[in-house]
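Heads up, the thing below is written out as C-alpha cells.
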Amino acid sequence: MKLQNFHVDLAEWSRERDREALSGIRQQVFVVEQGVPESRERDGLDTQCWHVLARDEAGQAIGCARLSPEHKIGRMAVLSEWRGQGVGAALLRELIQRARTLGWSEVTLAAQVSAIGFYEREGFVAYGDVFEDAGLPHRGMSLTLTSTDSDEAEPLRDIEALPITSRSEAAAARARILGDARHRLCIHLPLLTDDQYASMEELAEFRRVSISGRGAQIRILLHDPATALRNSHRLIALVQRLPSAMQVRMPVEEADLGYISAYLLNDVGGYLFQPEADRPQGRAARHDRASAAPLQKYFDELWERSERASALQTLNI
C-alpha cells in the first residue's frame, strides 16, 4: 500500500529480517524513549499476532503495529523523525482493514492518554477509567466495525477462518485446505513429522491434486528431507510414485534454514500458517487471499534459491 513517501506491508514475526525490524522500532520507542521495561514490552504474544511494518522509500523500517487474536491493536510505534506524517494512521488503518477482512465486529486497544485524540480521529471511542500500564497512563478504546454505509455497499466475503489451537484442529485445518485445492499446493516444513501429511485422507488429496490435469503441481520445501527418507514417511513414498507432479527442494542458505514456521497454501486462497512448526497454534482460513499472498510470495522466492533435495536424488525424485 503506497502512501506518500512510505508504504505499509504485512510482516511475519517468524521471518528474521521482519522480526529484527519490528523489535528495533519497539526497542527505540518503548524501551529507550518511554522507559518501558524490556520484559514488559516482550510479552510473548508476537508469534500469534498479525504485524504490519511501515518502510521509507529506501526500505528502512520506520513504524510498526500488531493485531492480536483477541481483537486488540497494540505495539503502535513510529520513529520520532517520522511522526506527524501519517505513518501511524496508515498502520492503524491497515490493521482495521485486516480485522474487517477477518469478519470481526470490533477491535479494541489501550491508548496512552496523550494519544486518545489520535485514535478518536480514526473513529475509536474511549471507555472506562484511566489506568497505569508500564508506568504510563492509559485508557481503553474500541471501534465498532459493523458497516453503517448505504445498503449498496458490498458485503465483506467470509474468509471461513479455521481454529488452530491444538494438534487435532491443525490436522482438521490441513484436511480442509488440501480438500479445497484444485491443481496446486505449496508446503513449507522445517521438519516432516509422522503426524503430518501421513493420514490416508491427506495422501488421497495429494493423489487427487497430482492427477488433476496438465497444470497439476505440488511443491514441497523441506529442511531435512534425509530424515524423512530414513523414517520412510508416507508423503515421501508418494513423491516417489508421482515425481512429475510432486517436487521437493531443500533450503540451503543459513537464514532460510533458520525460518521456523510451517505453512500450507492452495490455489483458491486457502492457507494454514503455524509461526512455530513444533507448536500447533497458528491461523488458517479457506478463502483469504490477502493473508495467503505474502506467504506465497515468500515461498516462491525461497523455492528459487533452494536446491533439489539431494538425499532424494537416488530415488530419481
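Brief remarks on what is shown
- Point-to-point label distance, residue 268-residue 17, nm (Cα→Cβ direction, 7 Å offset): 3.4 nm
- Region 161-315, Cα convex hull volume normalised per residue, Å³: 99 Å³
- Here the Gaussian network model covers the chain, with springs between Cα atoms less than 10 Å apart; of 42, 208, 219, 42 fluctuates the most.
- Theoretical ellipticity at 222 nm over the chain - DSSP helices of four or more residues, -39500 (n - 2.57) apiece, nearest 500: -8500 deg cm²/dmol
- For region 8-97: rounded, prolate or oblate by the Cα gyration tensor [a/c cutoff 1.5]: rounded
- Range in the chain, longest, excluding exposed GluC sites (Glu not before Pro) [loop by DSSP; at most 13 other beta-carbon atoms within 10 Å]: 153-252
- Label of the coordinate-derived value, percent of Cα pairs over 29 Å apart, listed as (1) 43; (2) 31; (3) 36: (1)
- Computed FRET value (nearest 0.05) for residue 255 with residue 132, which takes r as the C-beta separation and R₀ as 45 Å: 0.65
- Note: relative contact order over the chain, using C-alpha pairs below 8 Å and six or more positions apart, is 15 percent.
- One Cα centroid belongs to region 44-94, the other to region 158-229; the line between them spans 32 Å.
- Zone of residue 45's modelled label, taken as backbone nitrogen in region 92-126 under 15 Å from a point 7 Å along Cα→Cβ: 107-112
- Length gained on full extension, residue 104 to residue 27, computed as 0.36 nm times the residue gap minus the Cα-Cα distance: 24.7 nm.
Just so you know, all these numbers are worked out from the coordinates, no wet-lab data involved. No experiment lies behind these values; they were computed from the predicted model shown. Note: ideal-geometry Cβ built from the backbone for every residue, glycine included; neighbour counts use all protein chains shown.
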